Every structure is written in C-alpha cells, then in structure tokens.
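Okay, so here's the structure we're looking at.
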Amino acid sequence: MRLKSDFRTELEKHGRLIYTNVGDSMMPLIKQGRDVLIIEKTNGRLKKYDVPLYQRDSGQYVLHRILKVRRNDYVICGDNRSHPETGITDRHIIGVLTGIIRNGKEISVGSLKYRIYVHLWCDLFPVRAFLLRVRNFLKRRLK
C-alpha cells in the first residue's frame with residue numbers, strides 16, 4: 001500500500017521536489033505536459049520575481065510569480081493571469097522554483113535567458129494584463 005504525501009511533507013523530507021505542473025497560469029514559461037519543475041525549500045523572505053509554490057487557505061497549491069514584496073505579504077500573479085493576488089504570507093509558502101527541466105535540459109532561474117524573460121514579462125505587467133483582459137473579453141464574446 002502506497003501512502004499519499006503532500007508537497008510540504010516531501011520538501012521537509014527531501015529538501016527538493018520535482019514534479020510536473022497542472023494548469024496554464026504560468027504559460028508561456030511553464031507549459032503543462034512539457035516541463036518538469038524543481039522546487040526547493042526557502043531560506044527566509046523571497047524576492048521580487050521569485051516563483052513560490054504556496055498553499056492557499058483553501059488547500060489549493062499554486063505556483064505564481066512575486067510581483068511585489070510587502071512588509072506582511074506578497075503580491076503574486078501567474079504569468080498568464082491579469083489579476084494579482086494579495087495576502088499570501090510566508091506561512092503559505094512551501095518552496096521556491098529553482099529550475100525547469102525541458103527536453104532533458106535544466107533551465108536555472110539564475111540563467112541570463114531566464115532573467116531576461118522575467119524582466120520583460122514582469123516589468124511590462126500593466127501592458128500584459130491589459131492585453132490578457134482584452135483577449136479574455138473577446139473569447140467570452142465569441143462563445
């Protein structure tokens with residue numbers, strides 16, 4: 001009989017978690033069925049642009065990017081989302097993304113290519129959020 005474990009337990013036990021994501025909230029960087037994620041335990045407060053794995057009060061696990069670090073919480077949003085989430089505190093954070101495995105090769109969050117993507121994607125958040133809202137509005141209208 002196999003015992004079921006959760007992300008928090010796995011990270012505490014092994015210090016690292018490797019898994020495939022579910023959902024499209026971090027596209028285009030992370031795509032369901034294509035990428036394998038490397039999550040490691042955190043050491044203190046996270047920084048802007050970090051991608052924490054956190055657990056909402058509802059129990060749902062989420063992997064989104066930090067747009068702003070505030071004194072008591074973080075402003076977090078998926079790369080493919082237009083509405084930031086607030087109220088995520090350090091007690092919600094389970095781990096942080098340290099790498100992505102794509103086609104057998106690891107992409108480190110410290111690599112130049114990754115950092116350029118992050119700055120372009122996040123620094124242009126107001127424009128991106130507007131375009132995502134327009135796209136979603138048009139999708140609803142066409143249905």
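The values are calculated or read from the model by the stated rules, or taken from the named source; none is laboratory data. Remember, predicted model here, so these are calculated numbers, not experimental data. Positions of Cβ are backbone-derived with ideal geometry, glycine not excepted, and every protein chain shown enters the neighbour counts. With ligands, DNA and RNA removed, areas are computed over all heavy atoms of the protein, side chains included. Shrake-Rupley method; radii C 1.70, N 1.55, O 1.52, S 1.80 Å.
Structure notes:
- Test: residue in the stretch 32-43 that is in contact with a helix residue (DSSP H, G or I) (Cβ under 6 Å, 6 or more places away or on another chain) and not in a loop (DSSP other than H, G, I, E, B): no
- Residue that is nearest to Leu97 (Cα to Cα) [pool: residues in the stretch 46-78 that are open to solvent by less than 40 Å² (accessible area, probe 1.4 Å) and in contact with a helix residue (DSSP H, G or I) (Cβ under 8 Å, 6 or more places away or on another chain)]: Leu53
- For the stretch 65-84, the count of residues that are among the small types (Gly, Ala, Ser) and part of a strand (DSSP E or B) is zero.
- Within the stretch 50-107, the set of residues being under 12 Å from the mean Cα position of the chain (by Cα) and polar (S, T, N, Q) comprises Gln55, Asn80, Thr98.
- Qualifying positions in the stretch 103-137 - modelled with pLDDT under 95, surrounded by fewer than 10 Cβ atoms within 10 Å (Cβ to Cβ) and in a helix (DSSP H, G or I): Lys113, Pro126, Val127
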